[in-house]
Structure formats: C-alpha cells, structure tokens
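This report refers to the structure that appears directly beneath it.
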Amino acid sequence: MLCAHIWAVDGRPAPFGSWDTWDDRIDLLILFDQEKQDHINYSTSRMFAAVYPEAVALAPLIASPHWRQLADGTKAEQARFFTEVSNQVTYPYSPPDRRGDAIAHWSLADSWRPPSRPLTTYTPSRMHGRLSGLAANRLARHERSAMWFSRSRREQGRTLLFHSHLKPVLLRDREHQYEKWEGTIWHSTRTDDLMREEVTKKRRAPETTD
C-alpha cells in the first residue's frame, strides 16, 4: 500500500529512484506488443511484483517495535524513521509539511497501536482442494485494470491502490468507512489537523475508561 501510494504521487522529480526502477521492471514484466498495440500479458500480480523488493525492505520498519517507537516519537526520532524509509525506498516527502503522505499517515495513526490482526484467517485445510472459479465481477475488475493500465502508463500506483488485494490493509475496523473506495484511499494519506485531533482522542480513550 505504501509503495503504491509512492508510485501514484504526482509531480515527482526526475529521475526519481524507486519509481523509475518500478517503471523499468514493469517494462520487463508486462511487455508491450507492437503489432497489437496492447499489453497482452497484463496482470495485477505482475504489477505487485514490480514493487515487491521494496515492500519487503519496508516490512521490517513497519513490524519492528524499535522503529515503530521512533515513528511515534519526537520530531528527531521521527526524522530518523523517515530517513531510514528513504534509505530503503525513494520517499517523496517534504518536511515539515507531509500532507497527502501515506507513510506520515501511518506514523501518526498506526505506529502507536499494536499490529493489526488480519481481516480473515484461513485454516490449513484451505490449502487443499480445488481453486474456486473466477467470478464475473473479479474478471470485470481485471479487465478494467488492464484497460486503465494500457491507456495511461503513469497510473500504475493507482491501479494497485484500487485493486482488491489491498483492501485488508486499507479497511481496518478502527478506520473510517467511506461509501466509495476513493474516500478510503484518500483517508489513508491524511495528516491534517482534524486527523491529528481524532488520533489524540483515540489515544486518550483507554486512559478515560480505566
């Protein structure tokens, strides 16, 4: 989710490190057929593969109690966290104003919480048996993503954000529920004053109930 947001940022400088690396990987993973003028082997899985190495590099920072504490610490400690993020993946933030920044949002809204439980858990028995058929709505979503990708090669990050695989990351029990998916994606980058007030109230809530 964080890599998808970084990939979807507008107005990046050029060259732009990880973003350009992801673009280069996409050119290799999703080939363009000159004769058919189409990306004939498009799949969202290939798009996820483009950001996979950097997503793995960020995972220890998100999971580590040490780095989570820094992300929720003083300005100097947060600066250390953001610097380490930048060391792992090119990170387009402009301190001190980090509006519209998914990593800054995570630092504000989630770093102080215990790690979230998955929305769905699967028993080992689900590893056996036949794969379910491809539902019509999933096929239609895939076709829309492929068309979106073919029309605009600058929307890879947004294509990932709108894919259902990221819903467990974006849809948490504690988060706002919006009617449209665009609202959920917008909320995942909020660092505005209202968001800060909401977080402050949530952090005080356990103290008032003791």
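The values are calculated or read from the model by the stated rules, or taken from the named source; none is laboratory data. Note that the structure is a prediction, hence the values are computed from the model and not measured. Cβ sites come from the backbone with ideal geometry, for glycine too, and all protein chains shown count toward neighbours. Just the protein is used for accessible areas: all its heavy atoms, side chains included, with ligands, DNA and RNA removed. Shrake-Rupley method; radii C 1.70, N 1.55, O 1.52, S 1.80 Å.
The C-beta contact set for the range 10-26 (first residue at negative phi, second residue modelled with pLDDT of 75 or more and open to solvent by 40 Å² or more (accessible area, probe 1.4 Å), distance under 7 angstrom, 6+ apart or interchain) comprises Phe16/Thr90; Ser18/Thr90; Trp19/Thr90.
Filtered by the rule that a residue be touching a Leu at 6+ places or on another chain (Cβ under 7 Å) and in a loop (DSSP other than H, G, I, E, B), the range 1-25 gives a lone residue, Met1.
Condition first: under 17 Å from the mean Cα position of the chain (by Cα) and either at pLDDT 70 or above or open to solvent by 100 Å² or more (accessible area, probe 1.4 Å) (or both). Can you find one or more residues in the range 192-199 that meet it? No; the residues of the range 192-199 include none that is under 17 Å from the mean Cα position of the chain (by Cα) and either at pLDDT 70 or above or open to solvent by 100 Å² or more (accessible area, probe 1.4 Å) (or both). Restricting Ile30, Ile40, Ile26 to residues that are in contact with a strand residue (DSSP E or B) (Cβ under 7 Å, 6 or more places away or on another chain) and farther than 15 Å from Val85 by Cα narrows the list to Ile40. Of all residues in the range 1-33, those satisfying the criterion of being within 28 Å of His187 (Cβ to Cβ), open to solvent by 20 Å² or more (accessible area, probe 1.4 Å), at pLDDT 80 or above and among the hydrophobic types (A, V, I, L, M, F, W, C) are Met1, Leu2, Ala8. Considering the range 66-82, and only residues there that are surrounded by 13 or more Cβ atoms within 10 Å (Cβ to Cβ) and polar (S, T, N, Q), the residue that is modelled with the lowest pLDDT turns out to be Gln78. Selection within the range 34-58: residues that are farther than 22 Å from Leu139 by Cα and at pLDDT below 90. The member of this set that is least open to solvent (accessible area, probe 1.4 Å) is Gln34.
The residues on offer are Ser111, Ser132, and the sole one that is of a type in the set (S, T, N, Q), modelled with pLDDT of 90 or more and either touching a strand residue (DSSP E or B) at 6+ places or on another chain (Cβ under 7 Å) or in a loop (DSSP other than H, G, I, E, B) (or both) is Ser111. There is at least one residue in the range 41-62 that is within 20 Å of the chain's Cα centre (by Cα), free of Cβ contacts under 8 Å to residues at least 24 places away in the same chain and over 30 Å from Arg144 (Cα atoms). Taken residue by residue, the range 114-126 has at least one member that is assigned to a loop (DSSP other than H, G, I, E, B), among the basic types (Lys, Arg) and either at pLDDT 85 or above or farther than 27 Å from Phe16 by Cβ (or both).
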